[in-house]
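**Q** Below is a structure I'd like to ask you about.
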Amino acid sequence: MGNVVIDVMLKPEILDPQGQAVGGVLPRLGFEQFTEVRQGKRFVLTVDGDVTQEHLSAARQAAEKLLSNPVIEDVVSVRAEGSAQ
Amino acid sequence: MKIGVVTFPGSLDDRDAVRAVGAVGAEAVPLWHGDADLRAVDAVVLPGGFSYGDYLRCGAIARFSPVMEALVPAARGGLPVLGICNGFQVLCESHLLPGALIRNDHRKFSCLDQRLVVENAATAWTSQFEQGQEITIVLKNGEGGFVADDRTLDELEGEGRVVFRYAGDNPNGSYRAIAGITNERGNVVGLMPHPEHCVEPGYGPSLDGLPFFTSVLQAMAQA
């Protein structure tokens, strides 16, 4: 059993109110060194056996078609779990 | 005249949309998300609510439901379609309309009587308004901020495809205060505020929702 890990982030120019809300709390907890927080999404797609190039290719297509909205989001990473980012 | 109203899992305002269709003397036809069948309707309303729990992104899962497989080509072929609130989000996710809706910039759910300016009175859903007319209808959403890149925004403005713009304070951070848009052909309209809640005396701030539905009746009569 292997996993494909897909990371999706809002495009840099799109406002991220959730990230702002999280960022607003950090200083109250003493974390004052972080100037901005942006929140993204991680999807983990499980396959039978090891992750192959075909799995990665299909996962990239799924990421473009369903898992992200290209108007507001970027697929920043599609990789086999355990592989280098 | 038959106007279909789609029910997705999590739709909330489908019943009100059905009432609004009846209020102008048309026959409301319930359409089910799981059926790729438009039941020979002359127009379709995608109602507000939280289809599929707003999981993934608002409207993202509804886009791939069987009823949308039938609706998307029909809309491209000229079928009048009105997307209200979550319905607008579904239309954007389906690429029938450009742009996307994101969380309100102030991060709170908005529920208010909203003033709008009608900037395009030539669509299938707005012909019974006057160009520049100000109307007041209900706005209620958490993710109503309309966003698109500058090129798309310029194109929408240049082609007169901004149908409604917020008057007064911008309630959700929508780029250029855009409340509703249309496609090139003017048959598909999406907006965040809710005309279907403003069609009967005693409910809502006005009866300004009625012309949406009388407009489409006229468009259907001419088709």
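The values are calculated or read from the model by the stated rules, or taken from the named source; none is laboratory data. Everything quoted here is computed from the prediction, not taken from an experiment. Here the Cβ is made from the backbone with ideal geometry for all residues, glycine too, and neighbour counts use every protein chain on show.
**Q** Is at least one residue of segment A:32-42 in contact (Cβ under 8 Å) with a residue 12 or more places away in the chain, surrounded by 17 or more Cβ atoms within 10 Å (Cβ to Cβ) and not polar (S, T, N, Q)?
**A** no
**Q** While we're on this one: Pull up segment A:12-26, narrow it to residues that are small (G, A, S) and crowded, with 16+ Cβ neighbours inside 10 Å, then point me to the one that is farthest from B:N104 (Cα to Cα).
**A** Residues of segment A:12-26 that are small (G, A, S), as a first pass: A:19, A:21, A:23-24.
Imposing the further condition that a residue be crowded, with 16+ Cβ neighbours inside 10 Å reduces the set to A:19, A:23.
Numbers: A:G19: 13, A:G23: 17 Å.
Checked segment A:12-26; the qualifying residue farthest from B:N104 (Cα to Cα) is A:G23.
**Q** How about segment A:1-40: which of its residues are closer than 26 Å to A:A58 by Cβ and touching a His at 6+ places or on another chain (Cβ under 9 Å)? Quick ask: steps written out before the conclusion?
**A** The first filter runs over segment A:1-40 and keeps only residues closer than 26 Å to A:A58 by Cβ, leaving A:1-11, A:40.
The answer is A:G2, A:V4.
**Q** From the list A:L45, A:L66, A:L29, exactly one residue is loosely packed, with under 14 Cβ neighbours inside 10 Å, at negative phi and modelled with pLDDT of 95 or more. Which is it?
**A** Details: A:L45 fails: loosely packed, with under 14 Cβ neighbours inside 10 Å; A:L66 fails: loosely packed, with under 14 Cβ neighbours inside 10 Å.
The match here is A:L29.
**Q** Follow-up question, since we're still on this one. Could you tell me whether A:A59 is within 15 Å of the chain's Cα centre (by Cα), more than 14 Å from chain B (Cβ to nearest Cβ), within 20 Å of B:I61 (Cα to Cα) and buried (at least 17 other Cβ atoms within 10 Å of the Cβ)? Spell out the reasoning first.
**A** Working: within 15 Å of the chain's Cα centre (by Cα): yes; more than 14 Å from chain B (Cβ to nearest Cβ): yes; within 20 Å of B:I61 (Cα to Cα): yes; buried (at least 17 other Cβ atoms within 10 Å of the Cβ): yes.
Yes: the conditions hold for A:A59.
**Q** While we're on this one: Just checking, how many residues over segment B:142-176 are under 18 Å from B:K108 (Cα atoms) and within 13 Å of another protein chain (Cβ to nearest Cβ)?
**A** 11
**Q** Taking strands (runs of 3 or more DSSP E) that do not extend beyond segment B:1-110, which have at least 3 residues that are farther than 19 Å from B:N172 by Cα and within 14 Å of chain A (Cβ to nearest Cβ)?
**A** Numbers: elements: B:2-7, B:27-32, B:43-46, B:81-84, B:100-102.
Correct list: empty, since no element meets the threshold.
**Q** Let me ask you something else. Could you grab me the full set of residues in segment B:150-173 that are touching a strand residue (DSSP E or B) at 6+ places or on another chain (Cβ under 7 Å) and not charged (D, E, K, R)? Before you say what the answer is, go through the steps one by one.
**A** Initially, segment B:150-173 is screened for residues touching a strand residue (DSSP E or B) at 6+ places or on another chain (Cβ under 7 Å), giving B:156, B:161-168, B:171-173.
The answer is B:L156, B:V162, B:V163, B:F164, B:Y166, B:A167, B:G168, B:P171, B:N172, B:G173.
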